[in-house]
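Structure, as structure tokens:
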Amino acid sequence: MTREEIGNGSEDMVIDECEPEGRERNSVPDEFNANYLKVYYGKLFPHADIFKWISYGNDGKHPACDQSYFSRREFSYTLDNDIYLRYQSFNSASELENSIKEKCPFKIDIGPVYSVDPAKRHAYAQTGDNVFTPVERELVFDIDITDYDDVRYCCSGADVCLDCWPLMTVAIKVIDTSLRDDFGFNHILWVFSGRRGVHCWVCDGKARRLTNEQRASIAEYFRVYKGNENSLKKVSFTGLALHPFLARSYSEVLKDFFKSKLLLSQKLFSTEERYEKILEMIPDESITSELRGKWQENKRSSISKEDTNVVRWQQLKHILQSGRPKAQGLRRCVEEIVFSFTYPRLDMEVSKHMNHLLKAPFCVHPKTGRVCVPIDPNCCEEFDPTAVPTLSKLLEEMNMGTLRADVDNEWDRTSLGKSIRFFRSSFLQPLLKSCKEEIENSYNAKLQHSKNSMSW
Amino acid sequence: MEIYGYQRKALHSDAISTLPLYRSAPPLDVRLEDFELFAIDRLRVLKGISDGLSRGKKPEEIDNLAKDLWKANMRHPEASEVVNKDIISHFVLRLVYCRTEDLRKWFLSMETALFRYRFRLESAEAQRALMAEFDLPYKAVSNSEFESMKDNLGQVARSIGQPLTPADTKFYTVPFEEVPELVAGRRVFVHKGHAYVAMNQVVSLVATQFRSHLSKALILTNRKWTSSIREQEKDRLTPIVEALCTSYLGPDYSEPREFAEISIRDIDQIAMSSFPLCMRHLFEKLREDHHLKHGGRMQLGLFLKGVGLKLDDALAFWKAEFSQKVGAERFDKEYAYSIRHNYGREGKRTDYTPFSCQKIISSTPGVGDHHGCPYRHFSEENLRAALGKMRVNSRAVEDVMDKVRNRHYQLACTLTFEAVHGTSCDAGINHPNQYFSESQKVVQSKQVEDV
């Protein structure tokens, strides 16, 4: 039996020369359990990288490094039997690593940096001068596809497929562009949540030091979709124009995505139930009955479903955007419909509070076994949630590569290698470089200041 | 700020432009006289704005109102002293209005409205300087930058229903985290971490800063007042401050009523039931002596005018009394004129307004005078006797005397009102005509009940 050379990355992992039966010898049943997890934490989980990231440069030798910084960060564990441990903190990389290996948590969350070591929090008050309170925390976003259930017909609940996943892709594009172009942030990490969504970690110093109020203001800036099952129109654009951020999102991402992808993949106009949902968003009886009339006729004579959707969308757009003088509520109706279906839906609460805990990257999702790997926003259309490495697959890959000695890290023999390398090169290294600069600069500024104040 | 008797020193102000931020009391010497007068002038401005706001005037109307009020009241014969007056009056009013929550709230609102109007009038440079004073990290957008941003800025303006006019070219940039409300509402263009804030948005933000600074300052002022200033100044500034505080802000009763509230026939009975003590006393003395000196004639005469006594009736009334002492001809020759003067029929035809409590309390009755405020000017013995005559029960008399000892003369009068009428008077008395109206309300409602 030949053994394939294990190249780098998942693309090369096509084992087409092995017999299916032969593969079974190395195969690992597709499960999620503590034993697998132990191996994962033992050999694959990038402890050192996580430590370096969370230290933001304070693990160096520079005199200006804050030695207490890492130990003031909260971690939390969800253990096997749903036991939840909060306010875990560590003084060094090895402490963190040993703890994870020992406790083998099913989920690791990262919380804020507090004013003091969380382990010592009971010695401090909640208010007044001597307080236990968050002082730094990444700006985070959580987008979950279940929040789009009312606009996706292919799946519901926890399922995700390649027809609806693009909604996440679109969300990443819109939010990522805005975080960079509008807000000027640079160190942004997008992570697959393991099952059905994405998380975003904005790690610039400025972002980490934002107050709750400022976080809320950014989340509100991003919010478009308002309302619940009871309101018919959940997106409403009054005003004589769209804010440039929304206009850009529409013209660069949403419009095309709706027309070319979503319309067809979700067959938005193919049944009466589905098109009624769209007609509900048009506050004009004469228009909706005109369209309804057309479509009820057409139903009998349509050839292919796909054409129907495109055709009907064209008809709707034509009526709403034609030269006719528009009532107030109709002026931006087409945009409102597109935004309703495609615009990112964020979980506001996650972003607004500094003390909100969020799952750490590179955790394994217990329900799917998939690793929470980073997503490259520049080619997020290529990300396939159904092809993300699972715990068992990684172990399998490790088993196959046991005889090689020329690879430094275990993970490099596996599909995880690509993700970790991406994490390092496009996120961690630039971030650490910038952190070191920041530490240097503030140190020099302080020196200068004290020099000035001492001068006569 | 040093308050001197008559000294005056040249000023070195730390104000920038002509709009001071009142950060700290400047090292000025102030005449005692000016201490009160300047404050009263400023109070007229604030009161006028307050009036306008409570009548629901629009922002542009408030602006014009503030402009007129400021021009009318805050001038000074010496141009160089105008800024001093501005600053001094503000700080005096801080003392006056720091003392309770309600006073602070009122003062904050009015001063902020005034500030907002004055800020808008400043030149762009002055505005920038003021923003720098507040540590607001705003930078003005240059013309060229504006040109390149124009489309985006215009689009944001249209999106919030406030399209830019050709005049709207003043924009400022500020780190986005400084303006969370504007960002949350997508009311600004945000680019590379900078928010582009329009002029009208800047005014709001600056005004908010001004307000919050002043709010904190008022709390500190209150602490200092209660812990040291009030006691230290009890013979000099404190009475002035306290009088200013209960400064009259209500109707001035200058408009005579449609129908005379009193007819000369009923006047004695009404005086008994509804006149406040100060006017009762004057009235009784007039009946007794058939004469009153000038101060008393003014105080009582204007009061009667405010109550609705027509000029003819007033002349008849005063003549009936005075002629018993000085004779009818002398009355016509010497006293009628001044009564007509009070009603605006002689001389410069000013329609004089009835005196408020504040004015009456601060008057200085001399020998033979009966005007002024009994709660202030009577001896304890005389006051007790007078209250007894009004049938105020002894318990209430003690409360009243307590207020008097603490120099809360209007509160003393209010307690008297409550004791006499058997109802509470939540608003507090600050004008004799108010006492009269309130009293009449109670009296008439009782009559209705009786019927």
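The values are calculated or read from the model by the stated rules, or taken from the named source; none is laboratory data. Keep in mind that what you see is a predicted model, and the values were worked out from it rather than measured. In this analysis, Cβ positions are derived from the backbone assuming ideal geometry, glycine residues included, and neighbour counts consider all displayed protein chains.
Hey, can you tell me all the residues within the stretch B:407-427 that are modelled with pLDDT under 85, exposed (fewer than 14 other Cβ atoms within 10 Å of the Cβ) and not hydroxyl-bearing (Ser, Thr, Tyr)? Let's see the steps before the verdict.
If we filter the stretch B:407-427 for residues that are modelled with pLDDT under 85, which is where we start, we get B:407-408, B:424-427.
From the residues that got through so far, the ones that are exposed (fewer than 14 other Cβ atoms within 10 Å of the Cβ) too are B:424, B:426-427.
Result: B:Asp426, B:Ala427.
Which condition does A:Gly194 not pass, out of (1) in contact with a helix residue (DSSP H, G or I) (Cβ under 7 Å, 6 or more places away or on another chain); (2) of a type in the set (Gly, Ala, Ser); (3) away from every other protein chain (no Cβ under 12 Å); (4) buried (at least 20 other Cβ atoms within 10 Å of the Cβ), if it passes all the others?
(1)
Being out of contact with any Ser or Thr (no Cβ under 9 Å at 6 or more places or on another chain) and surrounded by fewer than 18 Cβ atoms within 10 Å (Cβ to Cβ) narrows it down to one residue among B:Asn200, B:Asn152; which is it?
B:Asn200
How many of the residues in the stretch A:197-214 are in a helix (DSSP H, G or I) and more than 9 Å from chain B (Cβ to nearest Cβ)? Let's see the steps before the verdict.
From the stretch A:197-214, those in a helix (DSSP H, G or I) are A:205-208, A:212-214; that's our starting set.
Among the residues that remain, those that are also more than 9 Å from chain B (Cβ to nearest Cβ) are: A:205, A:207-208, A:212.
So the count comes out to 4.
Considering B:Ala396, B:Ala412, B:Ala386, which residue is in a helix (DSSP H, G or I), of a type outside the set (D, E, K, R) and over 19 Å from B:Gly428 (Cα atoms)? Please lay out each step first, then the result.
Details: B:Ala396 fails: over 19 Å from B:Gly428 (Cα atoms); B:Ala412 fails: over 19 Å from B:Gly428 (Cα atoms).
Unique residue meeting the criteria: B:Ala386.
Please note which helices (runs of 4 or more DSSP H) are completely contained in the stretch A:338-456 and include at least 3 residues that are over 17 Å from the mean Cα position of the chain (by Cα) and modelled with pLDDT of 90 or more. It would help to see each step written out before you state the result.
Values: elements: A:348-352, A:391-400, A:416-422, A:429-454.
Answer list for the stretch A:338-456: A:391-400, A:416-422, A:429-454.
Restricting the stretch A:82-97 to residues that are farther than 30 Å from A:Leu210 by Cβ and part of a loop (DSSP other than H, G, I, E, B), which is modelled with the lowest pLDDT?
A:Asp82
If you check B:Asp351 against the conditions, is it assigned to a helix (DSSP H, G or I) and modelled with pLDDT under 90?
Details: assigned to a helix (DSSP H, G or I): no; modelled with pLDDT under 90: yes.
Criteria not met by B:Asp351.
Just checking, does the stretch A:225-237 include any residue being aromatic (Phe, Trp, Tyr) and within 17 Å of A:Pro377 (Cα to Cα)?
As a first pass, look at the stretch A:225-237 and keep what is aromatic (Phe, Trp, Tyr): A:225, A:237.
This time we only want the ones that are within 17 Å of A:Pro377 (Cα to Cα), so: none.
No, every residue in the stretch A:225-237 fails to be aromatic (Phe, Trp, Tyr) and within 17 Å of A:Pro377 (Cα to Cα).
Here is a list: A:Ile100, A:Ile145, A:Ile108. Which entry is at pLDDT 90 or above and either touching a Gly at 6+ places or on another chain (Cβ under 9 Å) or under 22 Å from A:Met348 (Cβ atoms) (or both)? Give the derivation first.
Working: A:Ile100 fails: either touching a Gly at 6+ places or on another chain (Cβ under 9 Å) or under 22 Å from A:Met348 (Cβ atoms) (or both); A:Ile108 fails: either touching a Gly at 6+ places or on another chain (Cβ under 9 Å) or under 22 Å from A:Met348 (Cβ atoms) (or both).
Only one candidate qualifies: A:Ile145.
Within the stretch A:341-355, restricting attention to residues that are within 14 Å of A:Val174 (Cβ to Cβ) and of a type outside the set (Lys, Arg), which residue is surrounded by the fewest Cβ atoms within 10 Å (Cβ to Cβ)? Show your work before the answer.
Kept after step one, since they are within 14 Å of A:Val174 (Cβ to Cβ), are these residues of the stretch A:341-355: A:341-346.
Then drop every residue that is not of a type outside the set (Lys, Arg), which leaves A:341-344, A:346.
On the way: A:Phe341: 25, A:Thr342: 25, A:Tyr343: 25, A:Pro344: 26, A:Leu346: 23.
By that ranking, first place goes to A:Leu346.
For the stretch B:18-55, name all the residues that are part of a helix (DSSP H, G or I) and among the hydrophobic types (A, V, I, L, M, F, W, C). Full working, then the answer.
First, the residues of the stretch B:18-55 that are part of a helix (DSSP H, G or I): B:32-54.
Selection gives B:Leu32, B:Phe35, B:Leu37, B:Phe38, B:Ala39, B:Ile40, B:Leu43, B:Val45, B:Leu46, B:Ile49, B:Leu53.
Residue check, B:Gly344 against (1) of a type in the set (Gly, Ala, Ser); (2) part of a loop (DSSP other than H, G, I, E, B); (3) in contact (Cβ under 8 Å) with a residue 12 or more places away in the chain, all met but one. Which one?
So the condition that B:Gly344 fails would be (3).
Inside the stretch B:218-229, can you point out the residues that are buried (at least 17 other Cβ atoms within 10 Å of the Cβ) and at pLDDT 90 or above?
Scanning the stretch B:218-229 gives B:Leu218, B:Thr221, B:Asn222.
If you scan the stretch A:235-253, which residues turn out to be more than 12 Å from chain B (Cβ to nearest Cβ) and at pLDDT below 90?
Result: A:Val235, A:Ser236.
Scan (1) in a helix (DSSP H, G or I); (2) over 30 Å from B:Gln444 (Cα atoms); (3) not hydrophobic (A, V, I, L, M, F, W, C) for the single condition B:Glu284 breaks and write down its number.
Here B:Glu284 meets the rest and fails (2).
So, of the residues in the stretch B:198-209 that are touching a residue at least 40 places away in the same chain (Cβ under 8 Å) and of a type in the set (A, V, I, L, M, F, W, C), which turns out to be nearest to B:Leu130 (Cα to Cα)?
In this case the residue turns out to be B:Val206.
Criterion first (within 14 Å of another protein chain (Cβ to nearest Cβ), within 28 Å of A:Glu74 (Cβ to Cβ) and either surrounded by 20 or more Cβ atoms within 10 Å (Cβ to Cβ) or within 18 Å of the chain's Cα centre (by Cα) (or both)) does A:Phe183 satisfy it?
On the way: within 14 Å of another protein chain (Cβ to nearest Cβ): yes; within 28 Å of A:Glu74 (Cβ to Cβ): yes; either surrounded by 20 or more Cβ atoms within 10 Å (Cβ to Cβ) or within 18 Å of the chain's Cα centre (by Cα) (or both): yes.
Taking the combined requirement at face value, the residue satisfies it.
What are the residues in the stretch B:151-197 that are touching a residue at least 40 places away in the same chain (Cβ under 8 Å) and more than 8 Å from chain A (Cβ to nearest Cβ), if any?
B:Leu153, B:Ala157, B:Lys170, B:Tyr172, B:Glu178, B:Tyr196, B:Val197
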